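Asker: Once you've had a glance at the structure underneath, I'll fire off some questions.
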Amino acid sequence: MKKMFFLAAMMFAAFTTASAQEQEPEVIAEFQPHWFLQLQGGAAHTLGEAKFMDLISPTAQLAVGYQFNPVLGLRLQGSGWESKGGWVNYDNYKWNYVSAGLDLKINLINLFGGWKPKRVFGMNLIVGGAANIGWNNGEANAINADILKNHPNGDFKMEYLWDGTKVRPVGRFGLDFDFRCSDRVSINLEGNANILTDKYNSKKAENPDWYFNALLGVKIALGPTVKYTVIEPDPVIIEPAPKPEPKPQPKPEPKPIVKKPEMKTEIFYPIREVVATGSEAAKLQNLISFLKENPDTKVDVKSYADAGTGNPKINQMYAQKRADNVKKALIEAGIAESRITAQSFGDTVQPYSENDKNRVSIAIAK
């Protein structure tokens, strides 16, 4: 008995869990293009003829960019602080610089693995260019002045020594790594290499000068990066118990259809006549009697002229007089004018194929 109870409880729990899972809403995530801000600080190493640690100096970087899609972004960056150089048998020297340029960022993880809104780790390839502005190179100039003082022949002087402010083109590439904190904030670690002309460190080496940056900071999205759409599941509809079918009720007997009385009267005229005479006048009297016996009926009188004689203007006149005379006779016989409609069609309509029959007034009462 206990075994059966335990089995039933497990089946009920499984059914309840499955039902709950089926009713969970579906959430669809869609990438949103957005602006972003990067704030970073770290260390720079200028390649040269001195110990590695002696050529490390502080650096910082500020960048504003736009992420067009999960793979491609573009940023405008400004970086710099200090660079260092070394000269044989002399102290190291330093100068200041700032570099401003444009970088293309390619997210390699999204490129090869597809975009996922909750992915913790991202890696970007950086390729760009900048302008390096250097100044405050007084220490190198002081060393060179001392060399010339002690070695007038100039055997140890610095080649390519510069003073004042110098602007040089820079090519740069590198990688940065994003560690997601939220949809808008991530910790950013970046390493980049910068290549310049041989004049940068005031020495001649027959090859380009380099400096390398290692930066740590934060990346902040300035707008939503993901749009979430929640699709609610269809509600569970519990069908009510079927109601008992009602007993068929006897159909009521159909009411008898009472046909409304109708009468059609054709009054024919001799040529150029507009008043009914003889047997045609008797037809008109029969129509009057019908209308009096059926006070709910109305009469529509349409009058015509034959197209074989006269002309359209004269025929219109004859037809109009025939319609007016029929209407007048009905009114004089006591039929209300509101029950009468009289129209003239002249010879524009020929209701009969025989020409002479078209000198007619057709009255339909119903």
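The values are calculated or read from the model by the stated rules, or taken from the named source; none is laboratory data. None of these values were measured; they are calculated from a predicted model. Positions of Cβ are generated from backbone atoms using ideal geometry, with glycine treated the same way; all protein chains shown enter the neighbour counts. For accessibility, only protein heavy atoms count, side chains too; no ligands or nucleic acids. Shrake-Rupley method; radii C 1.70, N 1.55, O 1.52, S 1.80 Å.
For (1) touching a helix residue (DSSP H, G or I) at 6+ places or on another chain (Cβ under 9 Å); (2) surrounded by fewer than 19 Cβ atoms within 10 Å (Cβ to Cβ), each residue gets a yes or a no:
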{"site": "Leu62", "(1), (2)": "no, yes"}
{"site": "Tyr66", "(1), (2)": "no, yes"}
{"site": "Tyr93", "(1), (2)": "yes, no"}
{"site": "Ile106", "(1), (2)": "no, yes"}
{"site": "Arg119", "(1), (2)": "yes, yes"}
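Asker: Determine, yes or no, whether Lys204 is surrounded by 12 or more Cβ atoms within 10 Å (Cβ to Cβ) and at pLDDT below 80.
Answerer: Criteria met by Lys204.
Asker: With the structure loaded, tell me whether Ile126 is within 30 Å of Ser182 (Cα to Cα), open to solvent by less than 10 Å² (accessible area, probe 1.4 Å) and either of a type outside the set (Ser, Thr, Tyr) or outside any strand (DSSP E or B) (or both) or whether it fails that test.
Answerer: yes
Asker: Scanning for something touching a Lys or Arg at 6+ places or on another chain (Cβ under 9 Å), under 30 Å from Glu24 (Cβ atoms) and assigned to a loop (DSSP other than H, G, I, E, B), does the stretch 146-159 turn up at least one residue?
Answerer: no
Asker: For the stretch 223-263, enumerate the residues that are open to solvent by 100 Å² or more (accessible area, probe 1.4 Å) and under 28 Å from the mean Cα position of the chain (by Cα).
Answerer: Those that are open to solvent by 100 Å² or more (accessible area, probe 1.4 Å) and under 28 Å from the mean Cα position of the chain (by Cα): Lys227, Glu232, Asp234.
Asker: Could you tell me how many of the residues in the stretch 124-140 are among the acidic types (Asp, Glu) and closer than 11 Å to Glu82 by Cα?
Answerer: Qualifying residue count for the region: 0.
Asker: Quick one: how many residues across the stretch 74-91 are open to solvent by less than 50 Å² (accessible area, probe 1.4 Å) and within 18 Å of Val64 (Cβ to Cβ)?
Answerer: 5
Asker: If Arg272 meets every condition in (1) part of a strand (DSSP E or B); (2) surrounded by 11 or more Cβ atoms within 10 Å (Cβ to Cβ) apart from one, which number is that one?
Answerer: Arg272 satisfies all of (1) part of a strand (DSSP E or B); (2) surrounded by 11 or more Cβ atoms within 10 Å (Cβ to Cβ) except (1).
Asker: Going by the structure shown, is Ile267 of a type outside the set (Phe, Trp, Tyr) and open to solvent by 50 Å² or more (accessible area, probe 1.4 Å)?
Answerer: Spelling it out, it is not the case that Ile267 is of a type outside the set (Phe, Trp, Tyr) and open to solvent by 50 Å² or more (accessible area, probe 1.4 Å).
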